[in-house]
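Participant: First the structure, which I've put down as C-alpha cells, then a few questions once you've had a look.
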Amino acid sequence: MSMPYLEFLRGELGPGLLDGLWVSLVVIAPSALLGGLIGLTAGVLRVYGPRPVRWLTECYVSLFRGTPLVVQVFFWYFALPYIRVGGHGIVLDPIPAAILSFALCSGAYQSEYIRGGLNSIKRGQIRAALALGMTTRQAVTSVVLPQAFRRALPGCGNEIIYLIKYSSLASIITVNELTGTATTIAKNSWRNIEVFCTLGVFYLLLVTVATGLLRLLENSLSVPGFERPQS
Amino acid sequence: MSEATPILEARSLVKILGGNRVLENVSLDIGRGRVKVLIGPSGAGKSTLLQCLNFLIPPDSGHILLEGREVEKTSKRELCAFRQQVGMIFQDFNLFDHLSALENVRVALMKVKGMSKLEATERAVAELKRVGLADKATLYPANLSGGQKQRVAIARALAMDPKVMLLDEPTSALDPELIGEVLTVIRDLAQAGMTMILATHQISFSASLADEFIFMERGRIVEQGSPADLLARGAQSRTQAFCSKISELTGESGQSGQSGESGQSGESGQSGESGKAGAERRL
Ligand SMILES: Nc1ncnc2c1ncn2[C@@H]1O[C@H](COP(=O)(O)OP(=O)(O)O)[C@@H](O)[C@H]1O
Ligand SMILES: [Mg+2]
C-alpha cells in the first residue's frame, strides 16, 4: 500500500484500463450493431412474417430471453466446439464468441421493442399507403418502419446501455476487456477498492457517452407526435 | 373508349367475412364526372364495398373494371397501377403520422410515381393550396385539426391524379364545427368534375351533389335512383324512411363520429333483423 493512488492510476491502472476499454469497445460496438440488425429483422418477422417464420422467431426470442446470458456465453465458447458438423467442431475465439452471445441476446430483447413499435402503428396507415399505389414493401419501409423505429428507439437505446454493462461478462471467457483487465490488475496489486471503483467510473463514463449519443439521435428524429416521453 | 364506358364498374361482388355475407352480389358502375352516394345503416357493407372496389379488401368473387378493362387482381403490379388511379379517403384520415402535411402529399408522388423531389414538392404545394392548406404545409398530423387532416388526406389522394375517388364517411370522425370545411372541399371537387363514390350520412349535402343515391342494407343494394325521386314526399322509399330517421334524430347534421367503427362489430350477428330496426339501433 505504498504508491499513492494517482501514481498507481497513471502508471499501471490507467493504461491497463484504457487497453481494456479498447477491447470492450471492440466487443460492444459490433454486438450493438449486429444486435440491432437481428432485433429489427426478428421484430419485423414476428409481426409480418408468414406463420412458420413467426413461430420460429418467437422461439428464438423465448430461448434467448429465457436463459441466463452466462449460460449462453458458455455455450458458444465451451459447448459449440463439441457439436460436430461433418466431423468438425466449430471453435470460436473468445472475442467472436462474446460478440455472438451478446448480439443474439441483445437482438432478442431489441425485437421486443421493434415489435411493440410496429404494433403501435395503426393498420389504417398501411391501407392508406396501399390505396395510393404503394407496394406492401414500400408501405412497410416508408410508412411503418420509420414510425416504429421512433417508437422503439428509447427501448432499444436502453438495451444498448444494458449491453455495455453486460459486456463485462466477456471476461469469464478470457476476453481482456475492461473487467477482465481490472481483475488481473487487482489480483496483482492487491488494491481492490481503487481498481474496482475506477473500473466503475470507466463504465459510468461509457454509459454517459452512449446515453448522450442516443439522445442526439432521438432528438434528430423527433417530430410532433413522436417526442421522447417526458421523464 | 366510348363516351358511355363507365370509369369504374363492379360486377357481382361477393365478400364473406367471419361467416357473414357482407357483400351479396353487388354491382354498380359510375360514369365520368358522376357522383354516386352510398347510404344505409352502419353494417350495411358500405365500407367493405368501397374497399373491395380498390382491392384493399379482395372480393371473394366478382369483377372490377376500370374504363372497361378488367383489373387482374393476381398481378401485384397491375393492382398498384390500378390503385393509383382510384383515390381513397378514409373516415379516420390515415395520414402518415411521421410526415408533415407536405410530405404526406409528396411521399407517394416520389415512391410510386417516381417524381423528383422538386417536382413532387411543387405538386404537393399546389394540392395543399387547392384544399386551402397552403399555410399548413410544414405542420405534422399531431398539430392539425381533424378537418385539416382530412383535407390533407384529400390533397394526398388528388395528387395521384385519380380517375375516380372513393370516400368512406369522410366527415364521420369530425367534430360538427369541422364538417363544413371538408364538405366544401368535396363540393368543389364535384363541381370540378371529379368522379366520386361517397359513403355518407350527410343527407341534404349529398342530395345536392349526387346524381344517384344507392341505398344499401345487409350487403345488398336495395334501392337506387336520383335523390329527388327517392326523397320525394310520399315516395315511400326505404331511402326516404332511413333519411328522415337521420334528420329527425340529428337535425340534419348527419351522424356523429363514433358510430361508424364501433358499430360494425356489434352489427355482425343480427343479419336476421329488418333493416329499419337496424337503422334505429344504429342511430
Ligand atoms: N373483418 C370482419 N370480420 C367479420 N365481419 C366483418 C368484418 N369487417 C366487417 N364485418 C361486418 O361486415 C358488415 C359490413 O361492415 P361495413 O362494410 O363496415 O359496413 P358500413 O360501412 O356500411 O357500416 C358488418 O356487419 C360488419 O360487422
Ligand atoms: Mg363504414
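Participant: What strands (runs of 3 or more DSSP E) completely inside the range B:1-101 contain at least 3 residues that are in contact with a Gly (Cβ under 8 Å, 6 or more places away or on another chain) and more than 16 Å from ligand 1 (Cβ to nearest atom)?
Facilitator: Working: elements: B:8-17, B:20-30, B:35-39, B:61-66, B:86-89.
Passing ranges, in order: B:8-17.
Participant: Given the criteria at pLDDT 95 or above, crowded, with 20+ Cβ neighbours inside 10 Å and either away from chain B (no Cβ under 14 Å) or in contact with a Ser or Thr (Cβ under 6 Å, 6 or more places away or on another chain) (or both), does A:SER106 qualify? Lay out the reasoning, then the answer.
Facilitator: Working: at pLDDT 95 or above: yes; crowded, with 20+ Cβ neighbours inside 10 Å: yes; either away from chain B (no Cβ under 14 Å) or in contact with a Ser or Thr (Cβ under 6 Å, 6 or more places away or on another chain) (or both): yes.
When the stated conditions are applied, A:SER106 passes them.
Participant: Still on this model: Give me the pairs, please: first residue somewhere in the range B:35-48 and more than 14 Å from chain A (Cβ to nearest Cβ) and farther than 9 Å from B:THR200 by Cα, second residue anywhere and hydroxyl-bearing (Ser, Thr, Tyr) and more than 8 Å from ligand 2 (Cβ to nearest atom), beta-carbon distance under 6 Å, and either six or more positions apart or on two chains.
Facilitator: Every condition considered, the pairs that remain are B:SER42/B:SER259.
Participant: In the list A:ASN192, A:ASN158, A:ASN188, which residue meets the criterion of being within 29 Å of A:ARG10 (Cβ to Cβ) and out of contact with any helix residue (DSSP H, G or I) (no Cβ under 7 Å at 6 or more places or on another chain)? Even if it seems obvious, please write down each step before you answer.
Facilitator: Values: A:ASN192 fails: out of contact with any helix residue (DSSP H, G or I) (no Cβ under 7 Å at 6 or more places or on another chain); A:ASN158 fails: within 29 Å of A:ARG10 (Cβ to Cβ).
When all the criteria are applied, what remains is A:ASN188.
Participant: Still on this structure: Answer yes or no: is there a residue in the range B:174-196 that is closer than 18 Å to B:GLY40 by Cβ and either of a type in the set (Val, Ile, Thr) or within 14 Å of chain A (Cβ to nearest Cβ) (or both). Quick ask: steps written out before the conclusion?
Facilitator: From the range B:174-196, those closer than 18 Å to B:GLY40 by Cβ are B:196; that's our starting set.
With the extra rule that they be either of a type in the set (Val, Ile, Thr) or within 14 Å of chain A (Cβ to nearest Cβ) (or both), the set shrinks to none.
No.
Participant: Could you please find all residues in the range B:166-209 being hydroxyl-bearing (Ser, Thr, Tyr) and more than 13 Å from ligand 2 (Cβ to nearest atom)? First the steps, then the outcome.
Facilitator: Just the residues of the range B:166-209 that are hydroxyl-bearing (Ser, Thr, Tyr), to begin with: B:171-172, B:184, B:195, B:200, B:204, B:206, B:208.
Within the range B:166-209, B:THR184, B:THR195, B:SER204, B:SER206, B:SER208 meet the criteria.
Participant: Another question about this same structure. When residues of the range B:118-136 are filtered for being surrounded by fewer than 20 Cβ atoms within 10 Å (Cβ to Cβ) and among the aliphatic types (A, V, I, L, M), how many remain?
Facilitator: 4
Participant: A follow-up question, please. For residues that are touching a strand residue (DSSP E or B) at 6+ places or on another chain (Cβ under 9 Å), more than 14 Å from chain A (Cβ to nearest Cβ) and away from ligand 2 (no atom under 16 Å from the Cβ), tally how many sit in the range B:49-70. I'd like the intermediate steps shown before the answer.
Facilitator: Of the residues in the range B:49-70, the ones touching a strand residue (DSSP E or B) at 6+ places or on another chain (Cβ under 9 Å) are B:49-68, B:70.
Subsequent filtering for residues that are more than 14 Å from chain A (Cβ to nearest Cβ) retains B:49, B:59-65, B:67-68, B:70.
Now drop any that are not away from ligand 2 (no atom under 16 Å from the Cβ), which leaves B:59-65, B:67-68, B:70.
Final tally of qualifying residues: 10.
Participant: Does A:THR211 qualify as being closer than 30 Å to A:SER120 by Cα and surrounded by 15 or more Cβ atoms within 10 Å (Cβ to Cβ)? Walk me through how you get there before you give the answer.
Facilitator: Working: closer than 30 Å to A:SER120 by Cα: yes; surrounded by 15 or more Cβ atoms within 10 Å (Cβ to Cβ): yes.
It is true that A:THR211 is closer than 30 Å to A:SER120 by Cα and surrounded by 15 or more Cβ atoms within 10 Å (Cβ to Cβ).
Participant: Looking at (1) of a type outside the set (A, V, I, L, M); (2) within 16 Å of ligand 2 (Cβ to nearest atom); (3) over 27 Å from B:ARG34 (Cβ atoms), which is the one condition that is false for B:LYS117?
Facilitator: Every listed condition holds for B:LYS117 apart from (2).
Participant: Can you tell me which residues in the range A:119-133 are more than 13 Å from B:LEU95 (Cβ to Cβ) and within 7 Å of chain B (Cβ to nearest Cβ)?
Facilitator: A:LEU130, A:GLY133
Participant: Hey, among A:VAL61, A:VAL47, which residue is within 18 Å of the chain's Cα centre (by Cα) and surrounded by 10 or more Cβ atoms within 10 Å (Cβ to Cβ)?
Facilitator: None of the other options fit; the residue is A:VAL61.
Participant: If a residue must be under 14 Å from B:MET216 (Cβ atoms) and basic (Lys, Arg), how many such residues does the range B:1-31 contain?
Facilitator: Total meeting the criteria: 2.
The values are calculated or read from the model by the stated rules, or taken from the named source; none is laboratory data. A quick note: this is a predicted structure, and the numbers were derived from the prediction, not measured. Every residue, glycine as well, gets a Cβ built from its backbone with ideal geometry; the counts of neighbours run over all protein chains shown.
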